[in-house]
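K.L.:
My structure is below; once you've seen it, I'll send some questions.
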Amino acid sequence: MANWVIVELNRNSTNCTKIIEDIVRIEKNIFPKHESLARSFDDELRKKNSGLLYSDVNGEVGGYVMYSWPSSLCATITKLAVKEDFRRQGHGEALLKAAIQKCRTRNVQRISLHVDPTRIPALNLYKKLGFQVDNLIEGYYSSDRNAYRMYLDFDTD
Ligand SMILES: CC(C)(COP(=O)(O)OP(=O)(O)OC[C@H]1O[C@@H](n2cnc3c(N)ncnc32)[C@H](O)[C@@H]1OP(=O)(O)O)[C@@H](O)C(=O)NCCC(=O)NCCS
């Protein structure tokens with residue numbers, strides 16, 4: 001199994017363009033067009049209060065997670081994906097844990113996300129790390145694709 005580390009994307013680093021190109025390629029492969037951030041990735045990353053972590057496998061992107069904290073109360077996991085060759089090796093869990101940790105340092109009370117209920121691996125992973133289903137939003141992704149809204153609350157004491 002290859003060695004890998006979780007890295008925070010630094011927009012000033014020399015390899016930033018290559019990393020974003022890698023991520024856009026993975027994004028296009030995994031997600032249908034209307035669900036993909038491929039075309040708006042750069043804009044998303046420029047937004048204030050957002051961050052991106054990726055797993056670095058000898059300079060190659062294994063997976064990535066994008067998160068944002070639009071308010072001091074709530075953060076959002078906007079994207080999580082692992083390249084097929086690197087699945088079931090712990091990247092997804094490590095990325096999500098790292099993103100949760102980043103959100104915690106912002107002192108938010110809740111992290112929320114949306115996931116298609118048919119994405120069983122993702123659903124299992126979110127549940128494993130403590131997320132609970134809030135409600136089902138019909139037609140969230142497209143007319144025939146729903147989403148669970150899920151959340152993870154932190155103790156406020
Ligand atoms: C969801 C995803 C990110 C998981 O990444 P991964 O690196 O393979 O996951 P990990 O190896 O870290 O597994 C962590 C947990 O996820 C769940 N999981 C992962 N793959 C699974 C599978 N094929 N079937 C069932 N559960 C699975 C399990 O709970 C697993 O814990 P366990 O190993 O103790 O059983 C990956 O499958 C993926 O990119 N899917 C397509 C994109 C997607 O659905 N993104 C989320 C919606 S935005």
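K.L.:
If you check 29, 49, which single one turns out to be on the phi > 0 side of the Ramachandran plot and either touching a Phe, Trp or Tyr at 6+ places or on another chain (Cβ under 8 Å) or of a type outside the set (D, E, K, R) (or both)?
P.N.:
Of the residues listed, the single one that is on the phi > 0 side of the Ramachandran plot and either touching a Phe, Trp or Tyr at 6+ places or on another chain (Cβ under 8 Å) or of a type outside the set (D, E, K, R) (or both) is 49.
K.L.:
Could you please let me know if residue 124 is of a type outside the set (Ser, Thr, Tyr) and free of Cβ contacts under 8 Å to residues at least 12 places away in the same chain?
P.N.:
Answer is yes for this residue.
K.L.:
Moving on to the next point. Any residue in region 2-11 that is within 14 Å of the ligand (Cβ to nearest atom) and part of a strand (DSSP E or B)?
P.N.:
Yes, because at least one residue in region 2-11 is within 14 Å of the ligand (Cβ to nearest atom) and part of a strand (DSSP E or B).
K.L.:
Which numbered condition trips up residue 148, out of (1) part of a strand (DSSP E or B); (2) out of contact with any Pro (no Cβ under 7 Å at 6 or more places or on another chain); (3) over 23 Å from residue 10 (Cα atoms)?
P.N.:
(2)
K.L.:
State all residues of region 115-151 that are surrounded by 17 or more Cβ atoms within 10 Å (Cβ to Cβ), out of contact with any helix residue (DSSP H, G or I) (no Cβ under 7 Å at 6 or more places or on another chain) and of a type in the set (A, V, I, L, M); if no residue qualifies, say none.
P.N.:
122, 123, 147
K.L.:
What number of residues in region 101-121 are more than 8 Å from the ligand (Cβ to nearest atom) and either in contact (Cβ under 8 Å) with a residue 12 or more places away in the chain or within 24 Å of residue 143 (Cβ to Cβ) (or both)?
P.N.:
Selection size over region 101-121: 12.
K.L.:
Taking residue 9, is it within 26 Å of residue 143 (Cα to Cα) and in contact with a helix residue (DSSP H, G or I) (Cβ under 9 Å, 6 or more places away or on another chain)?
P.N.:
In short, no.
K.L.:
Yes or no: residue 112 over 18 Å from residue 27 (Cα atoms), part of a loop (DSSP other than H, G, I, E, B) and out of contact with any helix residue (DSSP H, G or I) (no Cβ under 9 Å at 6 or more places or on another chain)?
P.N.:
Considered against the rule, which asks whether it is over 18 Å from residue 27 (Cα atoms), part of a loop (DSSP other than H, G, I, E, B) and out of contact with any helix residue (DSSP H, G or I) (no Cβ under 9 Å at 6 or more places or on another chain), residue 112 comes out as no.
Rule-based calculations on the coordinates, nothing more; no lab input. Note that the structure is predicted; figures quoted are calculated from it, not measured. We place every Cβ from the backbone using ideal geometry, glycine too, and count neighbours over all the protein chains shown.
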